[in-house]
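In what follows, a single structure is set out as structure tokens and then discussed.
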Amino acid sequence: MAQWGTMDKRIAVIGGGPAGLMAAEVLAEAGLSVTVFDSKPTLARKFLMAGKSGLNITNAEPHAELAGRFGRAGMRLMPALDQFTGADIRAWMTGLGIESFAGSSGRVFPRQMKASPLLRAWLARLDGLGVSFATRHDWQGYEGDTLVFDTPEGRRVERFDRVVLALGGASWRRLGSDARWVPWLRDRNVEVVPFRPANCGFVVPWSEHFSARSAGEPLKPVRARGLLGECVVTKGGFEGGLIYPLSAPLRDEIERDGSAVLILDLAPDRAEGPLAETLSRQPAKLSLSNRLRKGAGLSPVKAGLVREVRSDAGALDAATLAQLIKAIPIRLTATAPMDRAISVAGGISWDAVGPDYQLSALPGTFVAGEMIDWEAPTGGYLLTACLAMGRAAAQGVLRSL
Ligand SMILES: Cc1cc2nc3c(=O)[nH]c(=O)nc-3n(C[C@H](O)[C@H](O)[C@H](O)COP(=O)(O)OP(=O)(O)OC[C@H]3O[C@@H](n4cnc5c(N)ncnc54)[C@H](O)[C@@H]3O)c2cc1C
């Protein structure tokens, strides 16, 4: 419960994604008057999108390992992650009537896989706690020390006792996180590191022929840099589950060297020697794709990739062909557009954020979620950190009152 004297405090949470909603929950539970503002007509659109292919909300691996997934930002995130672990997230979901399960890789999903039942139960809880929702309220920055919103009823200028900003990153703009806030915070001396795509696809300069025939086709199974999985050929490159965990080092290599080479093993379950042996037994009159299908079990898209990389593949002897299949080099020339990325690196610099997630340059304003400069691979780590930071920022607000 709130301390005597803080009950009348008005708190604005701007951004109704997972970080903002978690902050609102903690603040409302403490008895404060909380309004969640969001520019969109409905809340948590990216959270719902994340649930489309299965909401991987956290990871069941030991907490010490989970906390190690955040690279350089791990030190700063640790206190928040310690306060709201993967196990706590599962217990929180159970409290909302949503059972979860952990897959073999440790990834945790709600039983129904989707995000919508969880979001419905969560919003009902917030409503019950007295949280007000102001959707279609687009925050447009500051006028002096008041907040300015564009609303269906016109311009609204308001002052709050504390503000939590949870405006998200800079991908999938149509879902709301469009990073328009960057100049407004920079004007207030808050350092913001330029955004970069994370968990993203890559550009490969395919020939028109390969792009037209193969875009949308899955390459599976394939191995790259020690990981086994699958990816999808796009019109202009690659994306998908195998590529995302490799995307931070690949992005950094491209930034440093202008391009990066990804070596794919197209036949991960076959050793090179026996592969050369079965390829050598194929009749010489077979077309290349039939030779690759019968001799190496390659799908048409994998065979197309072999021809794309080596136009003379049809003339190669079995040993060289087997070598190529086991280590086919793909040159990545750029990251795919940031708007398509699952998440981003960059955002509010940790140098601008105090220990309680309060902005040093804007006392009374707290921040949480993807708008801060951190990144993590897929596997449930992104939502785990957003939820944990939402709680930590709210606890910072409570301590400041
Ligand atoms: C396709 C896809 C799949 C994903 N799958 C997973 C997954 O399975 N597991 C996982 O951990 N993560 C996943 N993610 C990432 C995860 O969804 C995000 O990291 C997370 O939603 C970020 O939460 P947030 O609260 O910081 O910001 P957001 O969810 O982006 O919310 C920010 C909110 O702020 C609002 N807003 C922005 N600007 C303004 C403004 N000026 N005024 C008012 N409101 C504003 C937006 O409308 C939005 O509602 C996925 C992302 C995508 C795109």
All but one of (1) surrounded by fewer than 20 Cβ atoms within 10 Å (Cβ to Cβ); (2) touching a residue at least 24 places away in the same chain (Cβ under 8 Å); (3) under 30 Å from Arg307 (Cβ atoms) hold for Leu219; which doesn't?
-> (1)
Taking region 126-137, which residues are in a helix (DSSP H, G or I) and over 26 Å from the mean Cα position of the chain (by Cα)?
-> Asp127, Gly128
Does any residue of region 337-344 turn out to be modelled with pLDDT of 95 or more, touching a strand residue (DSSP E or B) at 6+ places or on another chain (Cβ under 7 Å), acidic (Asp, Glu) and open to solvent by 20 Å² or more (accessible area, probe 1.4 Å)?
-> no
Failed condition for Cys231, given (1) surrounded by fewer than 22 Cβ atoms within 10 Å (Cβ to Cβ); (2) without any contact (Cβ under 8 Å) to a residue 60 or more places away in the chain = (1)
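Quick test for you: out of Glu272, Glu253, Glu208, pick the one residue that is within 16 Å of Pro329 (Cβ to Cβ) and out of contact with any strand residue (DSSP E or B) (no Cβ under 9 Å at 6 or more places or on another chain). Break it down stepwise before answering.
Working: Glu253 fails: out of contact with any strand residue (DSSP E or B) (no Cβ under 9 Å at 6 or more places or on another chain); Glu208 fails: within 16 Å of Pro329 (Cβ to Cβ).
Only one candidate qualifies: Glu272.
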Of the listed residues (Pro329, Pro249), the one being exposed (fewer than 14 other Cβ atoms within 10 Å of the Cβ) and touching a helix residue (DSSP H, G or I) at 6+ places or on another chain (Cβ under 8 Å) is Pro329
What are the pairs, 6+ residues apart or on separate chains, where a residue within region 265-294 that is farther than 20 Å from Glu230 by Cα has its Cβ under 8 Å from a residue that is β-branched (Val, Ile, Thr) and buried (at least 17 other Cβ atoms within 10 Å of the Cβ)?
-> Leu275/Ile325; Leu288/Val306
Applying the selection to region 216-231, what residues are over 15 Å from Ile328 (Cα atoms) and among the β-branched types (Val, Ile, Thr)?
-> none
In region 377-401, anything within 27 Å of Glu61 (Cα to Cα), more than 8 Å from the ligand (Cβ to nearest atom), open to solvent by 10 Å² or more (accessible area, probe 1.4 Å) and out of contact with any Pro (no Cβ under 6 Å at 6 or more places or on another chain) is listed as Arg391, Ala392, Gln395
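With the structure loaded, tell me whether Ile254 is out of contact with any His (no Cβ under 7 Å at 6 or more places or on another chain), open to solvent by less than 70 Å² (accessible area, probe 1.4 Å) and aliphatic (A, V, I, L, M) or whether it fails that test. Walk me through how you get there before you give the answer.
On the way: out of contact with any His (no Cβ under 7 Å at 6 or more places or on another chain): yes; open to solvent by less than 70 Å² (accessible area, probe 1.4 Å): yes; aliphatic (A, V, I, L, M): yes.
So Ile254 passes the test.
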Looking at Ala212, Ala284, Ala267, which one is surrounded by 15 or more Cβ atoms within 10 Å (Cβ to Cβ), more than 30 Å from Ala352 (Cβ to Cβ) and among the hydrophobic types (A, V, I, L, M, F, W, C)?
-> Ala267
Does at least one position in region 185-203 carry a residue that is farther than 20 Å from Ser299 by Cα, open to solvent by 70 Å² or more (accessible area, probe 1.4 Å) and acidic (Asp, Glu)?
-> yes
Evaluate region 355-363: report whether one residue or more is within 16 Å of the ligand (Cβ to nearest atom), in contact (Cβ under 8 Å) with a residue 60 or more places away in the chain and on the phi < 0 side of the Ramachandran plot.
-> yes
How many residues does region 138-183 contain that are near the ligand (Cβ under 9 Å from one of its atoms), more than 19 Å from Met49 (Cβ to Cβ), open to solvent by 20 Å² or more (accessible area, probe 1.4 Å) and not in a strand (DSSP E or B)?
-> 1
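Scan region 270-289 and tell me whether some residue there is under 22 Å from the mean Cα position of the chain (by Cα) and within 20 Å of Ser207 (Cβ to Cβ).
For region 270-289, residues under 22 Å from the mean Cα position of the chain (by Cα) and within 20 Å of Ser207 (Cβ to Cβ): absent.
Could you check region 103-137 and list, in sequence order, the residues that are polar (S, T, N, Q) and within 13 Å of the ligand (Cβ to nearest atom)? Spell out the reasoning first.
Within region 103-137, the subset polar (S, T, N, Q) is 104-105, 112, 116, 132, 135.
Matches in region 103-137: Ser105, Thr135.
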Evaluation of Ala134 against (1) open to solvent by 40 Å² or more (accessible area, probe 1.4 Å); (2) within 18 Å of Ile11 (Cα to Cα); (3) out of contact with any helix residue (DSSP H, G or I) (no Cβ under 7 Å at 6 or more places or on another chain) (one fails), failing number | (1)
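The values are calculated or read from the model by the stated rules, or taken from the named source; none is laboratory data. This structure is a prediction, so every number in the text was calculated from the model and none was measured. So basically every Cβ, Gly included, is an ideal-geometry build from the backbone, and we count neighbours across all protein chains shown. Note: areas computed on protein heavy atoms with side chains; ligands, DNA, RNA excluded. Shrake-Rupley method; radii C 1.70, N 1.55, O 1.52, S 1.80 Å.
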